[in-house]
Amino acid sequence: GNPRKFYTVAEHFGLKGMVGISLEYRLINKKLGTTVFDCVKDGRSAVRYLRQHADELGIDPNRIVVAGGSAGGHVTLGTALLEFDERGEDTSISCVPNGLIPLNPVIDTSKTGYGQAKIGDRWRELSPVHQVKSGLPRMLIFHSTGDIVTPYAGAKRFTELSVAAGNDCELVTYEGGRHGYFIFDLEAYRGVMKRMTQFLEAGGYL
């Protein structure tokens, strides 16, 4: 719902030498006509902004990793998968990050997943599991089997399809656990931070 939710994650990796940024994107607002498509557009615009201002921000434009939880996980995947861009955007600047870390993401927007009612008839266009392709960035997905908001089955299927397409995609499974499990359990949070650090180090991002 707001960028403060990931301040601790940004700070954690900022202290390890990365540039940690927690981004804000538009949320669904029927009065303003804001839709999930706009959320995805904002995520893609944000990556382009970071690349365009890399020198100013002290960022290596070839080592940008995007992470997000729940709806933010959907926006994270959207930067690489869902081709919806703001009108007038300079699409010559790539919005595809060098790494993706979705946490309990909205990954399947069909009736068996989450989000179809909010998206409407065009749900498939914004469903990551239905848009898998080859050539995606390295991915590390966190999901809990007890998640009844964004069902675990979607993350498992997305990982299987991604690997079959030749992508480097790993699913870290947490047995049981509610939606956003690592927010409510300090040991689980520490485990997530440790595994994220390993992913970043192995990929040369950190």
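The values are calculated or read from the model by the stated rules, or taken from the named source; none is laboratory data. None of the values given here were measured: they were computed from a predicted structure. Glycine gets a Cβ as well: all are built from the backbone with ideal geometry, and neighbour counts include every protein chain shown. Side chains are part of the model used for accessible areas, which takes the heavy atoms of the whole protein and leaves out ligands, DNA and RNA. Shrake-Rupley method; radii C 1.70, N 1.55, O 1.52, S 1.80 Å.
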Roughly how far apart, in whole Å, are the Cα centres of the stretch 90-128 and the stretch 160-206?
18 Å
Could you point to the label whose value was computed as mean projected area of the Cα convex hull in nm² for the structure here, given (1) 11.3; (2) 16.1; (3) 14.9?
(1)
Put +1 on the Cβ of every Lys and Arg and -1 on every Asp and Glu Cβ in the chain; which of 113, 169, 199 then has its Cα farthest towards the positive end of the dipole?
113
The chain - percent of accessible surface contributed by carbon and sulfur, probe 1.4 Å
50 percent
Probe of 1.4 angstrom, ligands and nucleic acids ignored: what's the accessible area per residue over the stretch 45-113, in square angstrom?
43 Å²
Please work out whether the stretch 89-206 counts as rounded, prolate or oblate from its C-alpha gyration tensor, where a ≥ b ≥ c are the square roots of the eigenvalues and a/c under 1.5 means rounded, while otherwise a/b larger than b/c means prolate and anything else oblate?
oblate
Cβ-placed point charges (K, R +1; D, E -1), dipole of the chain about Cα centre in debye, nearest 20
440 debye
Under a Gaussian network model of the chain whose springs join Cα atoms within less than 10 Å, the largest fluctuation of 111, 156, 30 belongs to 30
Relative contact order of the chain (C-alpha contacts under 8 Å, at least 6 apart) in percent is 16 percent
With all protein chains present and a 1.4 Å probe, the order of 163, 9 from largest accessible area down is 163, 9
